[in-house]
1. With the structure loaded, tell me whether A:T18 is more than 12 Å from DNA strand C (Cβ to nearest atom), more than 14 Å from chain B (Cβ to nearest Cβ) and either assigned to a helix (DSSP H, G or I) or within 29 Å of B:R136 (Cα to Cα) (or both) or whether it fails that test.
2. Of the residues B:A217, B:A201, only one is open to solvent by 10 Å² or more (accessible area, probe 1.4 Å) and free of Cβ contacts under 8 Å to residues at least 12 places away in the same chain; which?
3. If you scan region A:225-274, which residues turn out to be charged (D, E, K, R) and free of Cβ contacts under 8 Å to residues at least 60 places away in the same chain?
4. May I ask you to list the residues in region A:70-82 that are in a helix (DSSP H, G or I), out of contact with any Asp or Glu (no Cβ under 6 Å at 6 or more places or on another chain) and either aliphatic (A, V, I, L, M) or closer than 14 Å to A:V293 by Cα (or both)?
5. Which residues, taken from region A:37-69, are open to solvent by 10 Å² or more (accessible area, probe 1.4 Å), under 30 Å from B:F74 (Cα atoms) and not in a loop (DSSP other than H, G, I, E, B)?
6. Mind checking which residues of region A:241-270 are over 22 Å from A:R228 (Cβ atoms) and within 11 Å of chain B (Cβ to nearest Cβ)?
7. Can you say whether B:D117 is within 16 Å of DNA strand D (Cβ to nearest atom) and out of contact with any Phe, Trp or Tyr (no Cβ under 7 Å at 6 or more places or on another chain), as far as the supplied structure shows?
8. Kindly list the number of the only condition in (1) farther than 30 Å from B:L120 by Cβ; (2) more than 16 Å from DNA strand D (Cβ to nearest atom); (3) within 12 Å of another protein chain (Cβ to nearest Cβ) that fails for B:V3.
There are 2 protein chains.
Amino acid sequence: MPVTIRDVARASGVHISTVSRTFSAPHLVNPETRVRVLACAEDLGYRPNRAARALITGRTHNIGLIIADIANPFFPPLIKAAESQARHRDYHVFVADTNEDAAAEEELVHALAKQVDGVLLCSPRMSNSLIEQLSREVPLVVVNRQLAGLPCVLMDVGQGARCAIEHLAGLGHREIALLAGPRGSWTSRELRRAAGVAARAAGADLTVLGPNPPTEAGGLAQAEQVRRAGVTAVLAYNDLMAIGLLEGLDALGVRVPQEISVVGVDDISLSRLTRPKLTTVATPTAAAGRTAVDMLLQQDTDFPRSGRGGGAAVAVGVRRTTAQVMLQTELVIRDSTAPGPYAGRERPGAAAAGPGPHRRADPGDPIVAAGDVVAS
Amino acid sequence: MPVTIRDVARASGVHISTVSRTFSAPHLVNPETRVRVLACAEDLGYRPNRAARALITGRTHNIGLIIADIANPFFPPLIKAAESQARHRDYHVFVADTNEDAAAEEELVHALAKQVDGVLLCSPRMSNSLIEQLSREVPLVVVNRQLAGLPCVLMDVGQGARCAIEHLAGLGHREIALLAGPRGSWTSRELRRAAGVAARAAGADLTVLGPNPPTEAGGLAQAEQVRRAGVTAVLAYNDLMAIGLLEGLDALGVRVPQEISVVGVDDISLSRLTRPKLTTVATPTAAAGRTAVDMLLQQDTDFPRSGRGGGAAVAVGVRRTTAQVMLQTELVIRDSTAPGPYAGRERPGAAAAGPGPHRRADPGDPIVAAGDVVAS
DNA sequence: TACTTCAGTGCAAAGGTTTGCATAAAGATC
DNA sequence: GATCTTTATGCAAACCTTTGCACTGAAGTA
């Protein structure tokens, strides 16, 4: 029933190898033959069997996308962009969810390794050494984690944290809390590091609360602690936690931003819809997805896997490309930040008078994908 | 370099067919042999090549998941549940996004047809006839669309709409608007139908506004129309639109629920975090994902594809299983609905005094997956 | 003892495609 | 006009696994 290359060959009166070449090496076949074959193929509704192709070429034209938590609104735009980019390059994407679990990550990479040409590891929770080990099993691109010798796509949350802290300090805040993310998160470590430095530089105190699950519940649960910590501003690991915190503070009767300012990270679409609208560090999620796919596929064409020929030509111990891309972030100032107790009280809308380095007048603007900095 | 079945056979001193059987038909091999083979396989890190397996069995152990818009928070829980369920059955999931575009849907099904064992079509936008046609190309399970002769997973939004309208009518609302969803959406048609019937029964007028894109922007854009329509309550196609509407009404200075009550559909996690918290019809999204996968895989074992043997034994024109599952929905009453102008003013929290058939005291409860009704 | 049954294993074909090599025909070079 | 290229195509092996059939030897049956 399924139409194979053989049917097309018969219909167009050529050998199957000619049909094969019509698709995979068109320049090798006579233009007249080519159009005839293509017509027959179209006619019969022929689609090459990718399993058969994979079997002989060693490339499946599939990639794996391993995500910490699909339900976290940070990821869908990334998935969407990655899938779209892959499709344009004639690749398909397996999506798998690890529920923020390191062990599940490892198992998934193993399960996928043999049937994909590469894996995108998004916000992994497992250890660096394990990731390195896995990268010997299958080409890997890591998103939101920096690893020497491995291709990575990073978002410059350090820079974002600095902007956020400077923004808050500029508004007069001297006691700031950081709601840390989950254990094992590179982003959380980076945020903490950069926020610490920036706070010191601005003469502010930074209290770290956490680790926390990167969810609304995580933020909500810390509301009480935040109030007790006596801070006037909070930088949360992500928007979800920030939103949970808004909720929790509201329940405690603490007004935002009048009593406490809150800054998130990610700029998920939701953050425009909270009351007050959330000031946040926008991360170029979709760009990260696209870039990661490109890097993976690039790596794959540079160092082809064991095809029929040539495999042995590649020296043992060959170095993979290790380019690391850092995507810029941007502070988006909305309504959840306002002058602290040491400055005069003003209406939230006028908070933009502070010396924060980045500013956006219209919070409704789409995020423009930031310029890319290539390192290593 | 990659370790094949042959390596395992050599290492354990048996024929490759014995190794194969160790994995795919363990009861056919001597227990002693089995443990030896398994040990060797484990030792060498052998993982069967799924492409080779697919080539001969005709089953890829992959399924396709076609989604109208991954970034719509309605879908991630469904994707997550489907992926998890599939994984437990040793299947992997291709995820693809159509951007709410009917043509993209068709193209994707075509592209996937040959390399998956079945496709889940979630909230399709294409025509019924096209879906039927595609179902002859590849086993299909449709979510959120009813098609005679095709397996479907439906959520009883009609029932949900009825509850919502009764709830609103019970609060005294007589002029109600329905914000319709996108053209081509079965859910939107169903909602409209059921809401119309319920409104008539309750002696209320129903004004339909739309179609609209199923996004915040879609709801936001209708705020002005809603105000001008002179209604006191609105049922929106989904929570996203409802949230956009909340936003839009706020911008217009219209208070919710004091002046206008708003009800959404879906109960996305976000709807607990708006101010006011959204009253909404909860749909069992995760259960739908699980059920759809089960139905697809069930269908697949009932009517195996052209394997090596047996294929010819299946009569032409064989009827596929066409079970349709209807999952129950539930009205979750929160703070965005309150008594209408014909009733006395009460504080929103007391709104639960109305005669709505479903009620939930604690809006923080997780949605319990509703019981399933099987039809056809 | 002679026969059947059965568990366990090996053999080899098959699945659809790609690709190095061989062949053939046509064109270029001297 | 003989030789060398070039271009287009055919041939057949290879990729890795599954599976119907055949074979062996041991246990069960009469």
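The values are calculated or read from the model by the stated rules, or taken from the named source; none is laboratory data. Quick caveat: nothing in here was measured; it's all calculated off a predicted structure. Note that we place each Cβ from the backbone using ideal geometry, even for glycine, and neighbour counts take in every protein chain shown. Note: accessible area is taken over every heavy atom of the protein model, side chains too, but ligands, DNA and RNA are not part of it. Shrake-Rupley method; radii C 1.70, N 1.55, O 1.52, S 1.80 Å.
1. no
2. Just a single option satisfies the conditions, and that option is B:A201.
3. A:R227, A:R228, A:E247, A:D250, A:R255, A:E259
4. Scanning region A:70-82 gives A:P77, A:L78, A:I79, A:A81, A:A82.
5. A:N62
6. Result: A:I268, A:S269, A:L270.
7. Answer is yes for this residue.
8. Among (1) farther than 30 Å from B:L120 by Cβ; (2) more than 16 Å from DNA strand D (Cβ to nearest atom); (3) within 12 Å of another protein chain (Cβ to nearest Cβ), B:V3 violates only (2).
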